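Below is one structure, written out as structure tokens; comments come after it.
The values are calculated or read from the model by the stated rules, or taken from the named source; none is laboratory data. Keep in mind that this is a model prediction, so the values were computed, not measured. FYI the Cβ positions are ideal-geometry reconstructions off the backbone, even for glycines, and counts take in every protein chain you see.
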Amino acid sequence: MLEKYLDINPEVKKALEEGKPVVALESTIISHGMPYPKNVETARNVEKIIRDKGAVPATIAILNGKLKVGLTNDELEHLGNGKNVIKTSRRDIPFIIAKKMDGATTVASTMIIAELAGIKVFATGGVGGVHRGAQQTFDISADLEELSHTNVAVVCAGVKSILDIGLTLEYLETNGVPVVGFGTDEMPAFYTRKSGFGVDYKIDSVRELSDAIKAKWDLGLQGGLIVANPIPEQYQMDYNVINKAIDDALKESEEKGIRGKESTPFLLAKIKEITGGDSLESNIRLVYNNAALGAELAVELCK
């Protein structure tokens with residue numbers, strides 16, 4: 001039945017059949033997270049980093065109603081232009097398929113499709129979480145619920161700093177999702193290495209991380225985990241500058257009544273504008289850093 005919906009790129013399929021390392025990548029970051037053509041350039045560089053580390057990249061999207069695992073250069077270009085590409089989370093998948101539309105996958109939907117394909121490691125920028133003011137709005141990303149029951153390790157630079165990091169960590173704890181700091185005991189905040197919040201476990205080696213992940217799934221403990229990989233120090237933004245930019249962007253989004261799936265793209269674009277583009281460069285560098293760690297983890301899990 002899956003073959004009706006799932007289209008796995010031949011290179012990715014061969015790697016999976018032979019037990020070789022594969023790293024899943026999302027596509028919302030291409031179509032909705034960065035401006036063209038920087039988004040396509042970044043996507044290609046991410047794939048190259050993963051290959052150079054000995055793994056096979058599998059960028060995931062929905063094209064013409066098909067769940068695609070591994071994209072061609074032309075398909076990356078199409079997503080980068082962002083024309084008629086719908087930001088697609090769990091709830092959207094069946095409708096994008098039925099209407100034979102194009103969808104860019106979020107963290108949640110990328111996890112779902114990665115698991116369907118048999119991919120265990122997913123590298124991204126940052127995961128969604130509990131939005132500020134969620135006590136009134138109940139605005140909580142579907143990414144968190146997906147992490148509670150989908151068996152994929154998500155390598156990221158923490159949760160996006162536009163969110164309520166403390167409440168996000170509480171939500172993850174309630175749902176039994178481990179938050180592992182790679183080389184850090186503090187939860188990174190996307191653009192910065194510090195947030196003021198701790199992680200569940202600090203792990204300093206890919207081998208130890210791989211052993212813990214194998215133990216989790218061998219024991220039937222369902223669900224994913226967050227591997228929080230801090231942005232490299234030389235690329236992080238000034239803590240006070242980025243937080244003021246976030247506060248200003250949040251205030252404007254509230255004044256304009258921007259809610260739901262439109263809020264994150266708006267906030268990231270506004271922060272880029274406020275910081276004169278510095279936040280985009282930091283975003284790109286942390287994605288590269290996560291891709292490298294994701295590939296190393298995928299290689300270790302295959303041993």
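Looking at 255, 281, 296, which is the one that is modelled with pLDDT of 80 or more, out of contact with any strand residue (DSSP E or B) (no Cβ under 6 Å at 6 or more places or on another chain), crowded, with 20+ Cβ neighbours inside 10 Å and acidic (Asp, Glu)?
296
Using the structure shown, decide if residue 102 is more than 22 Å from residue 180 (Cβ to Cβ), without any contact (Cβ under 8 Å) to a residue 60 or more places away in the chain, crowded, with 18+ Cβ neighbours inside 10 Å and over 15 Å from the mean Cα position of the chain (by Cα).
Criteria met by residue 102.
Which fully enclosed strands (runs of 3 or more DSSP E) of region 1-86 have 2 or more residues being surrounded by 18 or more Cβ atoms within 10 Å (Cβ to Cβ)?
Once the strands (runs of 3 or more DSSP E) in region 1-86 are filtered for at least 2 residues that are surrounded by 18 or more Cβ atoms within 10 Å (Cβ to Cβ), what remains is 22-25, 56-63, 66-69.
For residues that are free of Cβ contacts under 8 Å to residues at least 12 places away in the same chain and of a type in the set (A, V, I, L, M), scanning just region 257-290, find the one that is farthest from residue 35 (Cα to Cα).
So, considering only residues that are free of Cβ contacts under 8 Å to residues at least 12 places away in the same chain and of a type in the set (A, V, I, L, M), the one farthest from residue 35 (Cα to Cα) is 258.
Mind checking which residues of region 215-235 are in contact (Cβ under 8 Å) with a residue 60 or more places away in the chain and either among the basic types (Lys, Arg) or under 18 Å from residue 203 (Cβ atoms) (or both)?
First, pick out the residues of region 215-235 that are in contact (Cβ under 8 Å) with a residue 60 or more places away in the chain: 217, 222-231.
Within region 215-235, 217, 223, 224, 225, 226, 227, 228, 229, 230, 231 qualify.
Test of understanding: among 157, 123, 114, 153, which residue is in contact with a Pro (Cβ under 8 Å, 6 or more places away or on another chain), closer than 19 Å to residue 29 by Cα, surrounded by 15 or more Cβ atoms within 10 Å (Cβ to Cβ) and modelled with pLDDT of 95 or more?
Working: 123 fails: in contact with a Pro (Cβ under 8 Å, 6 or more places away or on another chain); 114 fails: in contact with a Pro (Cβ under 8 Å, 6 or more places away or on another chain); 153 fails: in contact with a Pro (Cβ under 8 Å, 6 or more places away or on another chain).
It is 157.
Hey, any hits in region 189-200 for a residue that's assigned to a strand (DSSP E or B) and more than 29 Å from residue 113 (Cα to Cα)?
Going through region 189-200, the residues assigned to a strand (DSSP E or B) turn out to be 189, 192, 198.
If we keep only those that are more than 29 Å from residue 113 (Cα to Cα) too, we end up with 192, 198.
Checked against the condition, which is being assigned to a strand (DSSP E or B) and more than 29 Å from residue 113 (Cα to Cα), region 189-200 yields at least one hit.
Are any residues in region 236-252 assigned to a helix (DSSP H, G or I) and loosely packed, with under 15 Cβ neighbours inside 10 Å, and if so, which ones?
Listed by number, the residues that qualify are 240, 244, 247, 248, 251, 252.
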